[in-house]
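Below is one structure; the comments refer to it alone.
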Amino acid sequence: MSATVSVTEQWAPWTPLELAKKVKAGVEQYKKMPGLMKSGVTYLQMAADYIEAIAIADRDRKHLVWHGTQMNTEVYYSMDIVPVFNEMYSVLFSMMGGPVKGIFDLSAANGLPTELCAFNKSVDGMLLAGIAPRGTMASWHGSSCDNTPKALGNIARVQGLPTYFMDRPYQMFTQHRLDYWRKQNEEFIASCEKITGKKMDYNRLKKAVALSWEATKLCQEIEQLVWKTPCPMGWEAAFGPLTAARSFAGHPIANEFLTGLRDELKERVEKGIGAAKPERIRYVFTVSCPYFDMDLIRWMQEKCGAVLVVDNIGRFRGTAEWMLDPDDPVGNLAAKQQFNMGSHNYNPGVEHKEMMLEICRNAKVDAAIMFNNVGCAEQAGLSRILEDSLQKGLGIPTASIDCDILDKEFTPREQIEEQLTRFFEMVENGAAYKQRRAQQ
């Protein structure tokens, strides 16, 4: 078990307040870059708002909750609780140039196994360095990822926080499981009430859920626009929908951003503006994204004519018709979990495979990229299933990039560029690629 320490001079530049300043500075740099989508700037501004809320939560005397993937942030925002998604915080730390290898080393020296997921090691190192945000609660739910309880449980132990674990059903699409998940949400709300000493305002929750429903529909509109040929979505805004719908569900900022992005994409489609000039390759991230070096997406677009048309964890499942009764916000949140962003990752591999094949057909995908994140058992289990299915079913080859999802030192950038360059050349010489292009 880790122990907190005082912030030394080495780590002082990476406290939550300093990280917030760095993200704000990044926004100003984005504003100066020519040719960017407007939504690229507002996307980073949204991230800056997220970090700033975390940094000043104590000053504003707001409760701060550490949480894992798939938690319903609508509950937090309805109760004026500031959420800290352990993965989101770690990603922004890495994107702003945080010393990821340094905090990994700190964690390893303290005894945490190095083969665990990067998000687990990242937060553990931040705790040891004394730069992790100070929470008042930690909450997570069951999923096929066994790293989440380790990461969040460690935070709770070190910071002495009360916890709530939601027992999520493995397969959701039955009334019995839906009723069970509703009960779990009711108990979760009760735990938040106990921690904050404040009762849930269900009229406010109803409004938050309505905003979240609108955001879901906006995300699906955006997805259909991104699938157009040429793809209008530039690298600078590619992960905006994921950030908005996962970390701001139930907050007006998500809907403001998504509406602006939808409108900008519509305009680009009408004018025939594509992200890549010319568009040569349309690719999908099968499991995760290169958080360790997001500039790779810009490089692929500008140097290889390759555009991201499907981010697998950044899309809702199927039609996502989860609004069952506008007057039953808790029931709606239970239903939402069946369709939530990335939820298909928590289903049997056979179901995941069939969904992936359908998506790639609709989006006219040419290539798949899997960032083979060390320590991710879930990803390792899915990789061969998805790779074989895409190749045999649609003639779509997969590039597997060995990496640590946060640490850019794990695999040299030059090595990744060389591998992707050769991969894209191979794709363009393939019979399936030439046949797809001939039909367009």
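Every number in this text was worked out from the coordinates using simple rules, so none of it is lab data. Since we're looking at a predicted model, the values are computed, not measured. Cβ atoms come from the backbone with ideal geometry, glycine included; neighbour counts cover every protein chain shown.
In the range 267-374, what is the volume of the convex hull around the alpha carbon atoms, normalised per residue and reported in Å³?
Values: hull volume 16.3 nm³, N = 108.
Enclosed volume per residue, from the Cα hull, is 151 Å³.
How are the alpha carbon pair distances in the range 41-98 distributed across 10 Å bins from zero to the largest one, expressed in percent?
Taking all Cα pairs of the range 41-98, the binned fractions are 21, 54, 24, 0 percent.
What is the helix-to-structure angle for 86-95, meaning the angle in degrees between its Cα long axis and the longest Cα principal axis of the chain, kept from 0 to 90 and rounded to the nearest 10?
60
Give, rounded to the nearest 20 debye, the magnitude of the charge dipole that the range 55-168 has about its Cα centre when Lys and Arg contribute +1 at Cβ and Asp and Glu contribute -1 at Cβ. Write down the numbers at each step before the final one.
Working: 9 positive and 10 negative charges, 45 e Å.
Dipole magnitude for the range 55-168 comes out near 220 debye.
Starting from 0.36 nm per residue, how many nanometres of slack lie between Glu358 and Ala25 once their C-alpha separation is accounted for?
On the way: separation 333, 0.36 × 333 = 119.88 nm, distance 4.05 nm.
So the chain would gain 115.8 nm between Glu358 and Ala25.
If Lys and Arg each add +1 and Asp and Glu each add -1, what is the summed charge of the other residues whose beta carbon sits under 12 Å from the beta carbon of Asp404?
Values: positive: Lys101, Lys121, Lys408; negative: Glu115, Asp293, Asp402, Asp407, Glu409.
That works out to -2.
Given 10 Å bins starting at zero, what is the percent of C-alpha pairs of the range 181-263 in each, up to the one with the largest pair distance?
17, 38, 26, 14, 5, 0
With no solvent and one equal point scatterer per Cα, compute the Debye intensity ratio I(q)/I(0) for the range 1-124 at 0.12, 0.22 Å⁻¹ and report its log10, rounded to two decimals.
Debye curve over Cα of the range 1-124, log10 I(q)/I(0) at q = 0.12, 0.22 Å⁻¹: -0.53, -1.38.
Treating only the Cβ atoms of Lys and Arg (+1) and Asp and Glu (-1) as charged, compute the dipole magnitude of the chain about its Cα centre; round to the nearest 20 debye. Could you put the intermediate results ahead of the total?
Details: 50 positive and 54 negative charges, 119 e Å.
Computed charge dipole of the chain: roughly 580 debye.
Loop only per DSSP, at most 13 neighbouring Cβ atoms within 10 Å: give me the trypsin sites (Lys or Arg not before Pro) in the range 170-273, ordered by residue number. Don't skip to the answer; put the middle values down first.
Details: sites: Arg177, Arg182, Lys183, Lys194, Lys198, Lys199, Arg204, Lys206, Lys207, Lys217, Lys228, Arg246, Arg262, Lys266, Arg268, Lys271; in loops: Lys198, Lys199, Lys228, Lys271.
Counting only loop positions with at most 13 other Cβ atoms within 10 Å, the trypsin sites (Lys or Arg not before Pro) in the range 170-273 are Lys198, Lys199, Lys271.
Run the quick spin-label model on Lys198 and Asp167: label points 7 Å from Cα toward the beta carbon, then report their separation in nm to one decimal.
In this crude label model, Lys198 to Asp167 measures out at 3.0 nm.
Give the longest segment of the chain that steers clear of chymotrypsin sites (Phe, Trp or Tyr not before Pro) in DSSP loops with at most 14 neighbouring Cβ atoms within 10 Å, not counting the sites themselves.
Values: sites that count: Tyr170, Phe173.
It runs 174-440.
How much net charge surrounds Met172 when only other residues with a Cβ under 15 Å from its Cβ are counted (Lys, Arg +1; Asp, Glu -1)?
Numbers: positive: Arg168, Arg177, Arg182, Lys183, Arg317, Lys336; negative: Asp167, Asp179, Glu321, Glu351.
Summing Lys and Arg as +1 and Asp and Glu as -1 gives +2.
Quick check: the angle from helix 16-32's long axis to the longest principal axis of the chain, C-alpha only, nearest 10 degrees?
30
Take the Cβ-Cβ distance between Gln391 and Ile56 as r, set R0 to 60 Å, and report the resulting FRET efficiency rounded to the nearest 0.05. Intermediate results must be reported in sequence, preceding the final value.
Working: r = 49 Å, r/R0 = 0.82.
For R0 = 60 Å, the calculated efficiency reads 0.75.
In deg cm²/dmol, rounded to 500, what helix-only [θ] at 222 nm does the chain give when every DSSP H run of at least 4 residues adds -39500 (n - 2.57) and the total is split over its residues?
The helix contribution divided over the chain gives -17000 deg cm²/dmol.
By the gyration tensor of its Cα atoms, with a ≥ b ≥ c the square roots of the eigenvalues, what is the shape of the range 105-146: rounded for a/c under 1.5, prolate for a/b over b/c, or oblate? If you can, show how the numbers build up before the last one.
On the way: a/c = 2.93, a/b = 1.12, b/c = 2.60.
Oblate, since a/c reaches 1.5 and b/c is not below a/b.
Output the 0 to 90 degree angle, nearest 10, between the alpha-carbon long axis of helix 202-226 and the longest principal axis computed from the alpha carbons of the chain.
With both axes taken from Cα atoms, the answer is about 20 degrees.
Measure up Lys217/Lys364; Lys38/Lys217; Lys22/Lys194; Lys277/Lys353 against 29 Å on the Cα-Cα distance and list the ones that go over. Please report the intermediate quantities before stating the final value.
Numbers: Lys217/Lys364 22 Å; Lys38/Lys217 21 Å; Lys22/Lys194 35 Å; Lys277/Lys353 31 Å.
Flagged as over cut-off: Lys22/Lys194; Lys277/Lys353.
From the convex hull of the Cα coordinates of the chain, what is the mean projected area in square nanometres?
Values: hull surface 79.6 nm².
Across all orientations, the chain yields a mean hull projection of 19.9 nm².
Taking H as built 1.01 Å from N, whose amide H comes closer than 5 Å to the amide H of Val82, not counting residues under 5 places away?
His63, Leu64, Val65
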